[in-house]
Every structure is written in C-alpha cells, then in structure tokens.
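The values are calculated or read from the model by the stated rules, or taken from the named source; none is laboratory data. This structure is a prediction, so every number in the text was calculated from the model and none was measured. Here the Cβ positions follow ideal geometry from the backbone for every residue, glycine too, while neighbour counts run over all protein chains shown. We work out accessible area using only protein heavy atoms, side chains counted, and drop any ligands, DNA or RNA first. Shrake-Rupley method; radii C 1.70, N 1.55, O 1.52, S 1.80 Å.
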Amino acid sequence: MKEMDTKTTTVDTTNSEESAGLRNPSRRKFLGTTAAVGAVSAAGAAGTGALVRSGEVQAADQSILEKIHVGPGDLDEYYGFWSGGHNGEVRVYGVPSMREIMRIPVFNVCSATGYGISNESKRILGESSKFLNGDAHHPHISYTDGKHDGRYLFINDKANTRVARVRLDIMKTDKVTTIPNAQAIHGLRLQKAPKTGYVYCNGEMIIPLPNDGTELEDPKKHFSVWSALDSETMEVAWQVLVDGNLDNMDSSYCGKYGASTCYNSEHGFTLEEKMRAERDHVVIFNIPRIEEAVENGEYMTFGDNGVPVVDGRKGSQLTRYIPVPRNPHGLNGSTDGKYFIANGKLSPTVTMIDISRLDDLFDDKIEPRDAVAGEPELGLGPLHTTFDGRGNAYTTLFIDSQVVKWNMEDAVRHFQGENVNYIRQKLNVHYQPGHLKATLAESSEADGKWLFSLNKFSKDRFLPVGPLHPENDQMIDISGEEMKLVHDTPTFAEPHDCVVVRRDQIQTKQIWERDDPYFAETVKMAEEDGVTLTRDNKVIRDGNKVRVYMTLIAPEFGMNHFRVKQGDEVTVVCTNLDMIQDLTHGFCVCDHGVSIEVSPQQTASVTFTADKAGVYWYYCNWFCHAMHMEMAGRMIVEPA
Ligand code: CUK
Ligand code: CUA
Ligand code: CA
C-alpha cells in the first residue's frame, strides 16, 4: 500500500507508539481495529490513485536545489521564527537557506547576552527570574487585518505557566507574564482582526481553584481556564473556566471565535482515565459574549489575583462544546477563514468545524455536531494541519511518519456523500512529525511555497551524537502539484512549532535608540544619581551599595579600574558609545558569574556581590576591535 523506501522502513510502529508515550492496552485495541481501517481507507480513501511518494529530491531535481541555495552575501526571502522548545528560547532562521541567524532568549538564561543575568532582563522576567528553565511551544506574530504586522511575537511557556512577548524591532523579549489560575500554558494564538489586541492561551493541566491546598483530591473540582491577555500591557484581561483541560487552539479571522481542543473531558488524573470517553471535545469561545459577561460583572475571582473568570463550563452561553473523536491534539484555522480543524491524534481523522455555522450554534438553531463540515480520514496519528492558500491542507501523521496533502472542499463533498478522493499525496518524513507549517500559513496571505515538517525523531539522518538525538525539521517544496522533500535541518530540544513570514514584514533597528524603553529604568536611576550615561565614568557609594557607571568605546572601558569593599553590592552600568552597526561590546567579570551584552548605543546593567577580596579583571567578551583582548580593567576589592 505504501511505497516504502529504505529510509522509512526503519520506523517501526511499536517503537513509535511507545515513543509517543501511548502504551495502554485500550489504545492498542483501538489501533488494532482502526489502524488497519485507517491505513486502508486513508491510502485508498474514497477511490483510488492517492499518490504516495518518498519524495526525496533526486540529483535530477537540480532546479529545486537551486531554489534553496542562498549564495554568500545574499539574503533569504523569509524570516522563520522557531520555538526553542524546552531550551526556552526563540530561534530566527533565514528561509529557504535554513541558516540560523539569531537566538532570542525568552524563558532561559543566556550566557552570551546576559538575559536572565542583567538587571534589565530580570525586570522583564519579574518574580519568575528565579526559574532557570522554560518550555516554549507556539510562537505567533501579531496581526493587522489577518496579516502579520511584524510588531511582536508571542510565545507560551508550558513549564512555568508564562506568556512572553518579543519585540521584533530589536528581537528582544520585553514582557513576561505569569498566568494565574492556570498550570502549564500550552496552546497560544492571537486575535487576528482587526488587530492583535488579545493574546489567547490555554491552561492545560487541571487544577483546583484556588489552588491553595484546600482542595486536593476531587477530580470534579479540577479545572482549567482559557485566558486573554491585553497584548500591550500583557496583563490578563479575563479568563474562561472550562470543563476538562485545553490543549491546542486557534482564533477565527473574523475575530469573533476561539476554538480549543480538549483531550481530557473526563477530568481524569491518569492516562487510563483520560482515555475513558469515546469522545472528547472542541470548546468554541464566543468572544463578544465573554466580553459582555465581564462587562456586566458576571464573573468570579480566585485567590487574590483579581482576574475576572467567567463560567464557560458545559451549558454556558459563552461557549459551545463540539464532540470530536477522543483525545484530539492540534487545532488549526484554515487561512481562508472557513474552518477550525481539530486533529484526531488517536483517531485517523481530522474534524472540520464550519465557522460560518457557529452563529447558529450559539443561537441554538443547530446541534453541536451540525457544525461539522467534514471529517476526512487521513492516516495514523494526525497531529497538526497547515495550508497552502490554494484550498489544500497538509496534516502530519505522527504514527505513519508522513505528511498528507488533502483538499478541503473535496473532503467536505465526501462528507456529504459524494464519491470524491480528497487525498492528494502522502510524503514520508523522517520521523514522527509533530507540528508542520507552510510559509505565511498563520495569516490570510498563505503563499504555498515552502512547508516545514517538525519531526520529533531524527534517528539515522545525521552524524550520531550519542543517545540524545536532535530533532529534524524538514523543508518541503509545495509550490507544485507534488510535495518534494528538499532539506533536513537538525534542531535542538525541541521546536514544537514555527511561523514563517516574508522578510518585508519584519523591520528591525540596527543600533539602539537612546530613549528605548528596554533600559529606561536604568537611565532613570542614572538621572537620580546625577549621571549622564553617555559621558560620565563614576563610582557612587550608597552605604554598602556601589553603582559604577562606565562608558564603552572600542577598544576601551571608560574606567580601567574601580574600587569596592568586600561584601558590597555592586551595580555596574555600561553604556556603549559606539555608533557603528554590529559593534557590540560585553562586560564580563572573572569569577563572579557576570556577563552582559552592550550593543551600539545600548545601556545595560548588572548587580552582583563582591564577596571575595582581591583583584578581579573585567573584560569585553564580544570581539569588537583589533585590540579587543586589551579591552579589560580591574575590579579591586578591598578586604572587609
Ligand atoms: S505541540 Cu506542544 S506538545 Cu503538538 Cu503544539 Cu508539541
Ligand atoms: Cu569591546 Cu571587545
Ligand atoms: Ca479523553
């Protein structure tokens, strides 16, 4: 049935099921019956001729290889923003070359830039700067009228229940919010129209509310919430209490609806309990109704965080629960604005929810399942779907290790009883894909050029590097009728998702502006000390607190030494006076764990304790000048 090439035969199903953490017997039974059905009907669904190709580009396909070659000095056509997974960062790629251009620390500590070490970054991280880890999954770029406007990127932290904002003009994280009344923020999407006001995010784990120890055992009293943040202030505007948990989500291009998958309608604590129900659901959120309820004061609060929480549990007028096959995963809005597509995971199907029927659903004119426009059978383990803007959808099949291209309108016609084949092609990928994303496919401008399959396993695709393997993010040419696999990209732990936009949609600054809010508080502190940052080199003592103000200009620090006393709390404020693009300095103090980036015209500061008497050299750690090695000075610590 499948045309196996030698590479795909290395995927063994037992292994992949176990890798997926799906080991329970009831699922085996499910797959025992459905796997066969799924595989048969997916390949031959509604007729014959489904194209299954290995799709590896042959040497003959020189023209494709030329398309992805970006010559030395040439620039890429797209920016790709990749989540850094449990490494907690965002990575910036050039597409189609897949050259990694930059890393943006978000929920991690960065030794190079001093994110998590500098005072400016600690202010951004707030209370949560005590955490050294994060788990980033879903990067999304702000919108105006359904198109990316390049202002901000937002991303979730599953590990420590946070949402962060990255300013794309400087490519730095500038806000981090810990979400109350939730645990583990997973799915995240943005309001798409008229403009990104709200950032929506899913609470995944169910918890008692308030989670203060008064309730510990009753699963019926465990909930999760769907949150909306104000994208400007990054404060939580409101939350919606739901039944079950929330996994992935999307929002509609009309701006009115949010939709989220739930794999635990059972309120279960164990794997077995979470698999008990035949069906779970997609929750549809009616945003105007939610706003009205908040406005009218129809909400609760939990603990002392004050966030309004409206009741969106089953039976509420603010939500609808659409039953779908058990334990769905990804939820993707088609770029034509027509469908929310819930990906079956344990079911070989995806469920197409017709957004144009949701008004009737909320007015109780139709039943929840009447909003389903199609439920095509695609193959085993559908996790996520993306779009080419030409009416086709592409879905990852985790268990089959394939990407399936299918046609949405044909799937709808098939659902209505017509004998049409909606499957266009299946392409083997290497191996076990999670998310996939086509260029511009998070916006109404999807252009159907490149597709990335973010594979969880790489096995034999790269030089071996020990028991821990990289992921493999494969690039696929989707510009023609047939998908063609063109490039393997090893990635580190573990980009769940990415977003790819045109290069003209991102405008960045090449040097800092002196009035940038990123370091405004530090500038204010200097003003209070009577210091002009762009001129003065000064040590100010304030009890056992010492503030050292220093200018940096290649290849010298404004001070070649400064004196403090053992036990002093030392704050060093560095201002880079160079105005030349790319001329970054650093400030690193030996044996004190202190390192910060100071880019052209930037002010950056760091606070530490001078706990050891003696001489400690500080040096510039970004290679800036022929005399960079000599750019150093002494911190002289007098014994207490
Ligand atoms: S995801 Cu977060 S578990 Cu499929 Cu969007 Cu990987
Ligand atoms: Cu300044 Cu190196
Ligand atoms: Ca379930």
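Search the range 454-483 for residues being buried (at least 20 other Cβ atoms within 10 Å of the Cβ) and closer than 19 Å to residue 387 by Cβ, and hand back the single one that is nearest to ligand 2 (Cβ to nearest atom). Across the range 454-483, the extreme among qualifying residues is 473. In the range 122-146, the residues that are under 25 Å from residue 435 (Cβ atoms) and touching a residue at least 40 places away in the same chain (Cβ under 8 Å) form Cβ pairs under 8 Å with partners that are open to solvent by 80 Å² or more (accessible area, probe 1.4 Å) and in a helix (DSSP H, G or I), at six or more places apart or across chains, as follows: 133/86; 134/86; 135/86; 136/86. Restricting attention to the range 145-196, the residues being more than 24 Å from residue 79 (Cα to Cα), surrounded by 19 or more Cβ atoms within 10 Å (Cβ to Cβ) and not small (Gly, Ala, Ser) number 9.
Would the range 430-442 turn up any residue that is within 26 Å of the chain's Cα centre (by Cα), in contact (Cβ under 8 Å) with a residue 40 or more places away in the chain, surrounded by fewer than 24 Cβ atoms within 10 Å (Cβ to Cβ) and in a strand (DSSP E or B)? Yes: the range 430-442 contains one or more residues that are within 26 Å of the chain's Cα centre (by Cα), in contact (Cβ under 8 Å) with a residue 40 or more places away in the chain, surrounded by fewer than 24 Cβ atoms within 10 Å (Cβ to Cβ) and in a strand (DSSP E or B). Scanning the range 275-322 for residues that are surrounded by 14 or more Cβ atoms within 10 Å (Cβ to Cβ), over 26 Å from the mean Cα position of the chain (by Cα), small (Gly, Ala, Ser) and away from ligand 3 (no atom under 16 Å from the Cβ) returns 293, 316. Scanning the range 602-623 for residues that are in a loop (DSSP other than H, G, I, E, B), open to solvent by 20 Å² or more (accessible area, probe 1.4 Å) and not basic (Lys, Arg) returns 611, 613, 621, 622, 623.
With respect to residue 540, is the statement that it is out of contact with any Gly (no Cβ under 7 Å at 6 or more places or on another chain) and assigned to a strand (DSSP E or B) true? So residue 540 passes the test. Restricting 556, 569 to those that are within 15 Å of ligand 2 (Cβ to nearest atom) and either open to solvent by 20 Å² or more (accessible area, probe 1.4 Å) or charged (D, E, K, R) (or both) reduces the list to 556.
With the structure loaded, tell me whether residue 260 is open to solvent by less than 40 Å² (accessible area, probe 1.4 Å) and within 16 Å of ligand 1 (Cβ to nearest atom) or whether it fails that test. Yes: the conditions hold for residue 260.
Does at least one position in the range 568-587 carry a residue that is over 38 Å from the mean Cα position of the chain (by Cα) and over 22 Å from residue 92 (Cβ atoms)? Taking every residue of the range 568-587 in turn, at least one turns out to be over 38 Å from the mean Cα position of the chain (by Cα) and over 22 Å from residue 92 (Cβ atoms). Checking the range 489-503 against the condition returns no match, with no residue being surrounded by fewer than 19 Cβ atoms within 10 Å (Cβ to Cβ) and polar (S, T, N, Q).
Scan the range 157-186 residue by residue and report those that are outside any loop (DSSP other than H, G, I, E, B) and either within 16 Å of ligand 3 (Cβ to nearest atom) or among the hydroxyl-bearing types (Ser, Thr, Tyr) (or both). Those that are outside any loop (DSSP other than H, G, I, E, B) and either within 16 Å of ligand 3 (Cβ to nearest atom) or among the hydroxyl-bearing types (Ser, Thr, Tyr) (or both): 173, 177, 178, 186.
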